[in-house]
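To start, the structure itself, in structure tokens.
The values are calculated or read from the model by the stated rules, or taken from the named source; none is laboratory data. These numbers come from a predicted model, not from an experiment. Positions of Cβ are backbone-derived with ideal geometry, glycine not excepted, and every protein chain shown enters the neighbour counts. Each accessible area value is taken on the protein alone, full model and side chains, heavy atoms only, with ligands, DNA and RNA left out. Shrake-Rupley method; radii C 1.70, N 1.55, O 1.52, S 1.80 Å.
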Amino acid sequence: MQLKRLTRHEVEAARKLIAGKQRYICPICKGQLSRVKGDKKKTGALDHCHTTGLVRGILCINCNGLEGKIKGLAQRGQHNLEGGYLEWLNNLVNYLNEKPKYNILHPLHKTPEEKRIEKNKKAQKKRIADKKKLNKGLK
């Protein structure tokens, strides 16, 4: 099979064709891609493999940027794994899907109730400070 290298002028047409085949859906976040030319943030990016140069699809701008950052960080974390960064990412997903093994809470973790109480205390302090400022201004 002969590979075709797109010219810069062919990118927009290729993006539109591939996005149509994807039903204008980002394959990672499942967000809607725009059909309107010029809306760069929503039309998406022509994503490609940086090793082979082959186009993989159209990703929304957010997912395309995150994919590159995550790949770079995963490559730093791979530590001689035979499967490289993809094995590291797979291990990460498996780790995050595991149920916690230890029945102890992290010291910085706050429950939703603790967060609510903290938020209310801050709001109360602000109301008191605002009332003091108002009273000073009236004198």
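Summary table
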quantity: Qualifying position, being outside any helix (DSSP H, G or I) and either surrounded by 12 or more Cβ atoms within 10 Å (Cβ to Cβ) or not hydroxyl-bearing (Ser, Thr, Tyr) (or both), among Lys125, Lys99; calculated: Lys99
quantity: The stretch 56-84 residues that are under 23 Å from Arg5 (Cβ atoms), paired with ones that are open to solvent by 40 Å² or more (accessible area, probe 1.4 Å) and among the acidic types (Asp, Glu) (beta carbon under 9 Å, 6 or more apart); calculated: Leu59/Glu67
quantity: Residues satisfying the stated conditions in the stretch 68-90, i.e. acidic (Asp, Glu) and open to solvent by less than 60 Å² (accessible area, probe 1.4 Å); calculated: none
quantity: Meets criteria (surrounded by 10 or more Cβ atoms within 10 Å (Cβ to Cβ), modelled with pLDDT of 90 or more and closer than 30 Å to Glu67 by Cα) for Glu114; calculated: no
quantity: Matching residues in the stretch 18-71 - criterion: being assigned to a loop (DSSP other than H, G, I, E, B) and in contact with a strand residue (DSSP E or B) (Cβ under 9 Å, 6 or more places away or on another chain); calculated: Gln22, Tyr24, Cys26, Pro27, Ile28, Cys29, Gly31, Leu33, Gly44, Cys49, Leu54, Cys60
quantity: Sole exception among (1) β-branched (Val, Ile, Thr); (2) part of a helix (DSSP H, G or I); (3) more than 30 Å from Glu12 (Cα to Cα) for Ile104, by number; calculated: (2)
quantity: Flag for Arg5 being modelled with pLDDT under 95, surrounded by 12 or more Cβ atoms within 10 Å (Cβ to Cβ), part of a loop (DSSP other than H, G, I, E, B) and out of contact with any helix residue (DSSP H, G or I) (no Cβ under 7 Å at 6 or more places or on another chain); calculated: no
quantity: Residue among Asn80, Asn120, Asn90, Asn103 that alone is among the polar types (S, T, N, Q) and within 25 Å of His48 (Cβ to Cβ); calculated: Asn90
quantity: Qualifying residue in the stretch 19-26 (condition: surrounded by 10 or more Cβ atoms within 10 Å (Cβ to Cβ), under 16 Å from the mean Cα position of the chain (by Cα), free of Cβ contacts under 8 Å to residues at least 12 places away in the same chain and under 30 Å from Asn91 (Cα atoms)); calculated: yes
quantity: Index of the failed condition, Glu10 passing every other in (1) out of contact with any helix residue (DSSP H, G or I) (no Cβ under 9 Å at 6 or more places or on another chain); (2) in a loop (DSSP other than H, G, I, E, B); calculated: (2)
